[in-house]
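The values are calculated or read from the model by the stated rules, or taken from the named source; none is laboratory data. These numbers come from a predicted model, not from an experiment. Backbone-built Cβ (ideal geometry, glycine too); neighbour counts: all protein chains shown.
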Amino acid sequence: MNSFTIRVYGLLINKNKQVLISDEFRDGFPFTKFPGGGLEFGEGINSALMREYREEMELDITVESLFYVNDHLQISAFNNQMQLISFYYFVTTNEIENLTFDAYEIPLKKNGEKQRWYPINKHLEDLLTFPLDKIVASKLNEMFC
């Protein structure tokens, strides 16, 4: 059965031109992406993004402006019968100055996720796993570098 899934991601950027990224391991597959995830039934895009940040990092964010939405066919890496529609928003938080993360081994080798700061201009698109994230990374590089 062919279907759609709506995904939403937050671009949190600090004063050092670093963006928050998430290293994850799911279903035997390690990957690196921007923080975020899928909409749940009955939920709006902004509330889904706020929920994802609370679930993943116990972090309250404010959703700012829309940065990118894919306007082309993108098939899910996890289900070839699923088409992705992905929204990327700039987000902010009052906690950004105190936001630090413990070091960890990359790639992750067991189910879970960890976050880290990464410089936008340091080959970010090569680091990210998924095609849409790579497009967004390239656009961020054009904007900030």
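Values as computed for the structure displayed
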read-out: Search result, residues across the range 1-38 that are under 18 Å from I135 (Cβ atoms), among the hydrophobic types (A, V, I, L, M, F, W, C) and not in a strand (DSSP E or B); value: F34
read-out: Search result, residues across the range 100-123 that are assigned to a loop (DSSP other than H, G, I, E, B) and in contact (Cβ under 8 Å) with a residue 24 or more places away in the chain; value: Y104, I106, P107, L108, K109, K110, N111, I120, N121
read-out: Residue in the range 122-134 that is modelled with pLDDT of 95 or more, exposed (fewer than 14 other Cβ atoms within 10 Å of the Cβ) and in contact with an Asp or Glu (Cβ under 8 Å, 6 or more places away or on another chain) present; value: no
read-out: Matching option when the condition is under 30 Å from A103 (Cα atoms), surrounded by fewer than 16 Cβ atoms within 10 Å (Cβ to Cβ) and in contact (Cβ under 8 Å) with a residue 40 or more places away in the chain, among D23, D27, D60; value: D27
read-out: Members of the range 39-80 found to be among the small types (G, A, S), modelled with pLDDT of 95 or more and not in a helix (DSSP H, G or I), listed by number; value: G42, G44, S65
read-out: Residues located in the range 81-94, provided they are surrounded by 15 or more Cβ atoms within 10 Å (Cβ to Cβ) and either part of a loop (DSSP other than H, G, I, E, B) or among the polar types (S, T, N, Q) (or both); value: Q83, S86, T93
